[in-house]
Protein chains: 2
Amino acid sequence: MKDFIHQNKIYYSPVEFAMAHIGGVWKMPIILCLGTQALRYGELKERIKHISDKMLITQLRELEERGMLSRTAYREKPPRVDYQLTERGVQALPVIHQLHKYGQTLMQLEGINT
Amino acid sequence: MKDFIHQNKIYYSPVEFAMAHIGGVWKMPIILCLGTQALRYGELKERIKHISDKMLITQLRELEERGMLSRTAYREKPPRVDYQLTERGVQALPVIHQLHKYGQTLMQLEGINT
């Protein structure tokens with residue numbers, strides 16, 4: 001596997017490229033939370049514990065820029081905006097589920113019960 | 001899923017816990033490189049392009065501390081040290097392979113050829 005440059009950044013492997021899309025503390029929880037449904041901002045905020053507005057807004061924008069989700073604004077009163085995974089976002093779901101399962105395995109091995 | 005504390009750090013999800021073991025730029029390439037074989041330091045250094053000695057040493061120590069790999073020193077002249085994935089390290093392989101595959105899918109969608 002050769003290195004490659006995408007949008008002025010060098011990547012050393014496909015894994016690194018994937019992590020640029022779904023890595024960090026919050027992106028995977030947001031993607032999992034959306035799943036195959038459309039959710040409003042307030043619904044996301046309520047379901048993703050501990051996330052601040054500033055963080056959620058930033059993460060949603062980054063995910064949108066990466067083509068992982070689409071944002072739809074409806075001309076209603078009051079205005080409604082919702083978020084839904086794109087095809088490439090949906091394709092991340094099984095990967096994240098497997099990471100979730102692996103995390104649970106590690107927790108078991110460490111004797112962590114929640 | 002409730003939060004939990006492990007070694008003085010709070011985790012919000014199993015995914016976050018998994019990423020504490022395999023996240024960052026270098027851990028996954030190192031785990032993939034080891035696979036199911038034992039490799040010496042020099043062999044790892046040669047196979048993982050771009051990694052500096054300082055980075056490789058740090059990452060190997062962190063992976064060892066997390067129980068992802070074991071380090072074996074042989075009483076030979078010159079001294080020989082090798083690294084091998086533990087069971088929990090081996091269990092990470094299918095997860096990382098799936099991330100690799102997802103990264104390739106994203107690269108295709110972006111029209112990246114390497």
**Message:** Return the pair list, or none, for Cβ contacts closer than 7 Å from residues in the stretch B:27-53 that are at negative phi to residues that are of a type in the set (Phe, Trp, Tyr) and modelled with pLDDT under 95, at least 6 apart or on different chains.
**Reply:** B:LYS49/A:TYR12; B:ILE51/B:TRP26
**Request:** Check whether at least one residue in the stretch B:36-47 is among the β-branched types (Val, Ile, Thr) and either farther than 26 Å from A:LEU32 by Cβ or within 12 Å of the chain's Cα centre (by Cα) (or both), and report yes or no.
**Result:** yes
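For (1) within 21 Å of B:GLN91 (Cβ to Cβ); (2) not aliphatic (A, V, I, L, M), each residue gets a yes or a no:
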position: A:PRO79; (1), (2): no, yes
position: A:GLN84; (1), (2): no, yes
position: A:ALA92; (1), (2): yes, no
position: A:GLN104; (1), (2): yes, yes
position: A:LEU109; (1), (2): yes, no
**Asked** Where in the stretch B:1-106 are there helices (runs of 4 or more DSSP H), lying wholly inside it, with at least 3 residues that are facing another protein chain (nearest Cβ under 9 Å) and either at pLDDT 95 or above or closer than 27 Å to A:GLN98 by Cα (or both)?
**Response** B:14-22, B:27-34
**Message:** So, in the stretch A:63-85, how many residues would count as being under 12 Å from the mean Cα position of the chain (by Cα) and surrounded by 16 or more Cβ atoms within 10 Å (Cβ to Cβ)?
**Reply:** 7
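The values are calculated or read from the model by the stated rules, or taken from the named source; none is laboratory data. Please read all numbers here as calculations on a predicted model, not as lab measurements. With ideal geometry, Cβ positions are generated from the backbone for all residues, glycine too; neighbour counts draw on all protein chains shown.
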